[in-house]
Amino acid sequence: MLIGLVGKPSCGKSTFFKAATLANVEISSRPFTTIKPNHGMGYVKIDCIDKELNTQCQPRTGYCVNHKRFVPVELMDVAGLVKGASEGRGLGNQFLDDLRQADVFIHIVDVSGTTDEEGKETTGYDPTQDIEMLEKELDTWYTNILKKVWKTFARTLEVQKTNFAESVAKQFSGLKVTEDDVKSVVLKLKLNPEKPGDWTDEQLTQFANKLRHLTKPMIIAANKIDKPDAKQNLEKIKKTYPELLIIPCSADAELALREASKAEIIDYIPGEDDFKIHEDKVNEKQKQALETIKQNVLKPYKSTGVQQVLNTAVLDLLKYIAIFPAGAKLADSKGNILPDCFLLPPATTALDFAYSLHTDIGDKFVKAINVRTKQAVGKDHPLNHRDGIEILTR
Ligand SMILES: Nc1nc2c(ncn2[C@@H]2O[C@H](COP(=O)(O)OP(=O)(O)OP(=O)(O)O)[C@@H](O)[C@H]2O)c(=O)[nH]1
Ligand SMILES: [Mg+2]
């Protein structure tokens, strides 16, 4: 699972990344602060199954507080993208190639209207145009990747008479293209899979665009919601793009809370709508800054939004499910209780799950047991979100 953070310069990508990962990355109001991509671990927040099972888990990766399990997901923060990037403007879009393997994009949009299309400080800017710009640049980037090899590839396909969808998925597996993606786009656009070499330039572009939307779904993080004009801009964006998933957030507020929590100045669990200040550890200035976050962000929006963006991207948009491998005693050989929790694609079956653990476990699969109900789960049965599953092997 790889989540890519994209957006124009100074929209707050690195701030979001730092808030989610606490990695030490550079943040500044100067456009193009980030040049080389940053990698790090963020977390998806899930109701742990340990509470229902009357126990306390001991995660091997991630962590668990108050029975909220934080499951690691990889995040990547890249350079800012500007209009014309596909023709090499700004830092171009070469850096996006590092995001070919992304499962989902989070588009960070500065909804405060205080940065222009290049990320420079301004006032009264309309951020709705940033969405169109980014979509267009991503489409061009993606289309160019396809077009570069299409002619030769299509000719080979026609000569060898191989299965179209299978071959395209194989050729572009680096972009996370699957056979089903290809089939559905070909059907939707009524393209002829027998003669891909005859597709017009227009048809190939449409094919690429649709494939991009399928393989790189996107969620909008409406960032800098703590600033004055943000609320009205957010409303405008929602109206202009009713089909998009848009979540208000303040990466800056989340970063402040995460850092204060790490310094043990406050008790705060990411994604919650409140925190507790340790009065004896804060000075007046810190206290005021923290209270402002409560008033401007947590009260009106019920959270800073950062955790919600990650959760929505993984669980709602990608529809991934969290599965806990669990033996009868719920513990691994070292006695760690519910040490793992895996995020798996929708419709993962018990057998798929066994294979995802190890080829050997898949090969020797006998049956699967749901630890909650103690009942057997058919090997081809799709698992449910938050299932605890024991795999019995021969
Ligand atoms: N008020 C406010 N400021 C924010 C927020 N998020 C980011 N900022 C500020 O916006 C500026 C740019 O933030 P960065 O995170 O460096 O932006 P970026 O998108 O990584 O920029 P590039 O690396 O140049 O593409 C910094 O001054 C941040 O402090 C937010 O939620 N609220
Ligand atoms: Mg940056």
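The values are calculated or read from the model by the stated rules, or taken from the named source; none is laboratory data. These numbers were taken from a predicted model, which means no experiment stands behind them. Methodologically, a virtual Cβ is constructed for each residue, glycine included, from the backbone with ideal geometry; neighbour enumeration extends over all protein chains shown. What goes into the accessible areas is simple: the full protein's heavy atoms, side chains included, and nothing from ligands, DNA or RNA. Shrake-Rupley method; radii C 1.70, N 1.55, O 1.52, S 1.80 Å.
Things worth noting here:
- Candidate set: the stretch 80-126, residues that are more than 22 Å from PRO217 (Cα to Cα), within 12 Å of ligand 1 (Cβ to nearest atom) and at pLDDT below 90; chosen: the one least open to solvent (accessible area, probe 1.4 Å): GLY90
- When LYS148 is tested against (1) without any contact (Cβ under 8 Å) to a residue 60 or more places away in the chain; (2) surrounded by 17 or more Cβ atoms within 10 Å (Cβ to Cβ), exactly one condition is not met: (2).
- Some residue of the stretch 47-65 being out of contact with any Cys (no Cβ under 9 Å at 6 or more places or on another chain), acidic (Asp, Glu) and farther than 22 Å from HIS213 by Cβ: yes
- Among the criteria (1) within 15 Å of ligand 1 (Cβ to nearest atom); (2) out of contact with any Ser or Thr (no Cβ under 8 Å at 6 or more places or on another chain); (3) of a type in the set (A, V, I, L, M), the one ILE247 does not fulfil is (2).
- Reported count of residues in the stretch 21-47, each being β-branched (Val, Ile, Thr), within 11 Å of ligand 2 (Cβ to nearest atom) and crowded, with 16+ Cβ neighbours inside 10 Å, is 4.
- Residue in the stretch 252-267 that is touching a helix residue (DSSP H, G or I) at 6+ places or on another chain (Cβ under 6 Å), surrounded by fewer than 22 Cβ atoms within 10 Å (Cβ to Cβ), without any contact (Cβ under 8 Å) to a residue 40 or more places away in the chain and under 30 Å from ASN163 (Cβ atoms) present: no
- Options LYS8, LYS18; residue that is open to solvent by 30 Å² or more (accessible area, probe 1.4 Å), among the basic types (Lys, Arg), touching a Leu at 6+ places or on another chain (Cβ under 9 Å) and near ligand 1 (Cβ under 9 Å from one of its atoms): LYS18
- Among the residues examined, ALA326 qualifies as in contact (Cβ under 8 Å) with a residue 60 or more places away in the chain and under 19 Å from VAL71 (Cβ atoms).
- Scanning the stretch 214-237 for residues that are in a loop (DSSP other than H, G, I, E, B), more than 9 Å from ligand 1 (Cβ to nearest atom) and more than 26 Å from LEU2 (Cβ to Cβ) gives PRO228, ASP229.
- Any strands (runs of 3 or more DSSP E) falling wholly within the stretch 280-394 and containing at least 3 residues that are under 24 Å from PRO72 (Cα atoms): 321-325, 342-344, 387-393
- Among the residues making up the stretch 1-24, those that are in contact with a helix residue (DSSP H, G or I) (Cβ under 6 Å, 6 or more places away or on another chain) and either free of Cβ contacts under 8 Å to residues at least 12 places away in the same chain or closer than 22 Å to ARG89 by Cα (or both) are GLY4, LEU5, GLY7, LYS8, GLY12.
- Whichever residue in the stretch 66-79 is in contact with a strand residue (DSSP E or B) (Cβ under 7 Å, 6 or more places away or on another chain) and open to solvent by less than 10 Å² (accessible area, probe 1.4 Å) and, among such residues, is farthest from LEU211 (Cα to Cα): ARG69
- Considering residues of the stretch 169-190 that are at pLDDT 95 or above, assigned to a helix (DSSP H, G or I) and basic (Lys, Arg) only, the residue surrounded by the most Cβ atoms within 10 Å (Cβ to Cβ): LYS183
- Residues that are polar (S, T, N, Q), within 16 Å of ligand 1 (Cβ to nearest atom), more than 21 Å from PRO72 (Cα to Cα) and free of Cβ contacts under 8 Å to residues at least 60 places away in the same chain within the stretch 25-57 comprise SER28, THR33, THR34, listed in sequence order.
- Here is the figure for the stretch 1-21: residues that are under 13 Å from GLU74 (Cα atoms) and either touching a Gly at 6+ places or on another chain (Cβ under 6 Å) or assigned to a loop (DSSP other than H, G, I, E, B) (or both) total 3.
- Of all residues in the stretch 220-239, those that are touching a strand residue (DSSP E or B) at 6+ places or on another chain (Cβ under 7 Å), more than 16 Å from ligand 2 (Cβ to nearest atom), open to solvent by less than 40 Å² (accessible area, probe 1.4 Å) and not β-branched (Val, Ile, Thr) total 2.
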